[in-house]
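One structure below.
We did not get these values from a lab; they are worked out from the coordinates using the rules stated. On a predicted model such as this, the values are computed, not experimentally measured, just so you know. When we count neighbours, we look across all protein chains shown, and the Cβ atoms used for this are built from the backbone with ideal geometry, even at glycine.
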Amino acid sequence: MKRLLSLLVLALSASSAMAHPAIFHSESLSSAAQAGFFHPFTGLDHLLVMIAVGLWAVQMSERDSRALWLLPLSFVSSMILGAMLGISGIHLAVVESGILASIVILGASLGMAWCPPVWIAALFVGACGLCHGYAHGSEMGAGMIPALFLMGMVAATSFLHALGVGGGLLLRNNRFLLCSRIAGGLLVAFGVYNFFTAIS
């Protein structure tokens, strides 16, 4: 009986492998999700902005507690839309400028402890997410399954937002304002450096 069951499992595995194209094999599935997950970590600009969104959410939450979840959610939602546009091949000429602007404006918002109404902050963060998502989607490898690539990317982005929120909450009662101002200043400097590097 054990041998019969083993043969049956083996036969089903073989027939399943023959019935689906190569892109549906488990190796391809995992590689698409892994590529999406690690992609936000490959660019320092993306990495810093996603953490900064979490920090700004903590800073904003002093006035409106909804910012803790609304800002990260706005970024992730718009990022998915932007990634879909990038994957579909739709050309958006303002993306690179938008990414640079998001770095500088988000850094300035942190540095100056700017606390606008939460819906304005959510709209701005959503615009940032759209630009960054488009950049990620347009760089997706050929042959990958978009849904799995997006799932990995969303997981990584959520992790980075959580890192920013968690770090901010840990520091909130211990010189958080000073740390967030320094982080904002460094982010602005990084954005300005990237701008002059791009035009040189």
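Ordering 142, 89, 37 by the projection of their Cα atoms onto the charge dipole of the chain, which places +1 on the Cβ of Lys and Arg and -1 on the Cβ of Asp and Glu, puts 37 at the extreme positive end. Extending 7 Å from Cα along the Cβ direction at residue 151 and again at residue 182 yields two label points whose distance is 4.0 nm. In this calculation the C-beta distance from residue 199 to residue 112 is compared with R0 = 22 Å, giving a FRET efficiency of 0.30. Measuring between their Cα centroids, the stretch 149-200 and the stretch 26-87 lie 11 Å from each other. How large is the translational diffusion coefficient of the chain in µm² per second when you combine the Kirkwood radius over alpha carbon pairs with Stokes-Einstein at 10 °C and 1.306 mPa s? Value of D from the Cα-based Kirkwood radius: 87 µm²/s. Taken about its Cα centre, the chain carries a charge dipole of roughly 520 debye when the Cβ of each Lys and Arg holds +1 and the Cβ of each Asp and Glu holds -1.
A compact globular protein would have a Cα radius of gyration near 2.2 N^0.38 Å; the ratio found for the stretch 96-172 is 1.28. Ordered by the number of other Cβ atoms lying within 10 Å of each residue's own Cβ, fewest first, 196, 176 fall into the sequence 196, 176. Taking each DSSP H run with n ≥ 4 as -39500 (n - 2.57) and averaging over every residue of the chain yields -27500 deg cm²/dmol at 222 nm.
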